[in-house]
2 protein chains.
Amino acid sequence: MELTGYGSPSPGHLDATFAALADPTRRAILARLASGEASVSELAEPFAMSQPAISKHLKVLERAGLISRGRDAQRRPRRLEAAPLAEATRWLEHYRQFWEENFQALDAVLEDLKEQEARRPTPRKRRKHP
Amino acid sequence: MELTGYGSPSPGHLDATFAALADPTRRAILARLASGEASVSELAEPFAMSQPAISKHLKVLERAGLISRGRDAQRRPRRLEAAPLAEATRWLEHYRQFWEENFQALDAVLEDLKEQEARRPTPRKRRKHP
DNA sequence: GAGTTCCATGACCTATTGGTTATATAGGGC
DNA sequence: GCCCTATATAACCAATAGGTCATGGAACTC
């Protein structure tokens with residue numbers, strides 16, 4: 001089995017990763033696993049749904065590479081595998097600069113508008129976004 | 001209907017945000033919008049799918065608060081709204097510490113294995129996770 | 001070996017997703 | 001007013017998602 005290579009941010013994984021993260025039950029499961037591995041029944045206990053439903057969620061998480069399955073007697077403890085989270089984070093980081101700059105830029109634009117409106121009385125046509 | 005409010009980063013939004021990010025077409029659209037606002041037809045152009053399909057994707061992005069709609073003549077230029085991305089990133093950041101530690105731990109384990117294998121010839125039973 | 005615990009899987013149901021085509025609406029150019 | 005461009009919307013369809021209940025199977029307990 002191959003760890004997602006460092007070199008190949010194969011975007012197919014992002015699909016599965018983000019899809020897995022889109023469900024609150026699954027996010028809660030990951031949160032639980034962040035504090036250590038846990039058996040299926042332990043993971044199921046907080047939720048008002050059947051064990052098979054949890055197993056399905058676990059399968060989704062596993063196919064996204066977000067968890068792995070161990071074995072300990074009858075138990076199949078799940079453990080968090082953070083690599084896909086790292087990959088997803090890297091994708092989002094790509095935008096961090098953007099939104100941070102964005103708020104600064106917004107301020108700048110507002111300043112600019114104040115100045116310009118103080119000078120020119122009427123702006124013109126083809127408005128872009130306000 | 002108005003601009004997506006600045007105010008409510010409720011966690012219900014994480015569902016919609018991650019779900020929106022789970023599709024490669026939508027991620028590509030966001031990437032495109034990171035370099036400036038664009039009309040629907042501009043956004044649709046790179047893709048081998050119909051305009052209504054793109055409009056549907058845009059609706060998903062909009063309901064997730066990831067984009068907003070402007071108006072310019074007949075055009076309805078979309079603009080990136082990074083706030084939900086920030087929220088998603090914050091959720092993931094929660095795990096950053098975890099996976100960074102994890103890789104350190106992995107290194108440590110690998111070191112350890114090298115040492116141990118140099119000494120003991122055969123390891124044993126009741127494996128928990130490798 | 002019989003029962004029990006833990007988990008996985010199959011069959012089923014409904015709602016949602018992601019695409020299609022066809023049509024409607026809104027605004028600008030002439 | 002008429003047509004063209006840009007976008008939205010409706011109706012439809014197949015596939016997937018997220019649950020259910022029932023059953024199966026592996027591994028411990030006694």
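The values are calculated or read from the model by the stated rules, or taken from the named source; none is laboratory data. Keep in mind it's a predicted model, so treat the numbers as computed, not measured. All Cβ positions, even for glycine, are placed from backbone atoms using ideal geometry, and neighbour counts span all protein chains on display. To get the accessible areas, we keep the full protein, side chains included, count just its heavy atoms, and leave off ligands, DNA and RNA. Shrake-Rupley method; radii C 1.70, N 1.55, O 1.52, S 1.80 Å.
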Query - All helices (runs of 4 or more DSSP H) inside segment A:6-78 with 1 or more residues being among the aromatic types (Phe, Trp, Tyr) and under 24 Å from A:GLU93 (Cα atoms) - result: A:12-21
Report task. State all residues of segment A:45-93 that are away from DNA strand C (no atom under 16 Å from the Cβ), out of contact with any helix residue (DSSP H, G or I) (no Cβ under 8 Å at 6 or more places or on another chain) and under 16 Å from A:THR17 (Cβ atoms); if no residue qualifies, say none. Result -> A:ARG90
Query - A:LEU61 closer than 14 Å to A:ARG27 by Cα and either open to solvent by 90 Å² or more (accessible area, probe 1.4 Å) or more than 9 Å from chain B (Cβ to nearest Cβ) (or both) - result: yes
Query raised in the report: Within segment A:85-101, is there a residue that is at pLDDT below 70 and either open to solvent by less than 70 Å² (accessible area, probe 1.4 Å) or closer than 29 Å to B:ARG32 by Cβ (or both)?
Result: yes
Report summary line: The one condition A:GLN97 fails out of (1) within 13 Å of DNA strand C (Cβ to nearest atom); (2) within 13 Å of chain B (Cβ to nearest Cβ); (3) without any contact (Cβ under 8 Å) to a residue 24 or more places away in the chain is (1)
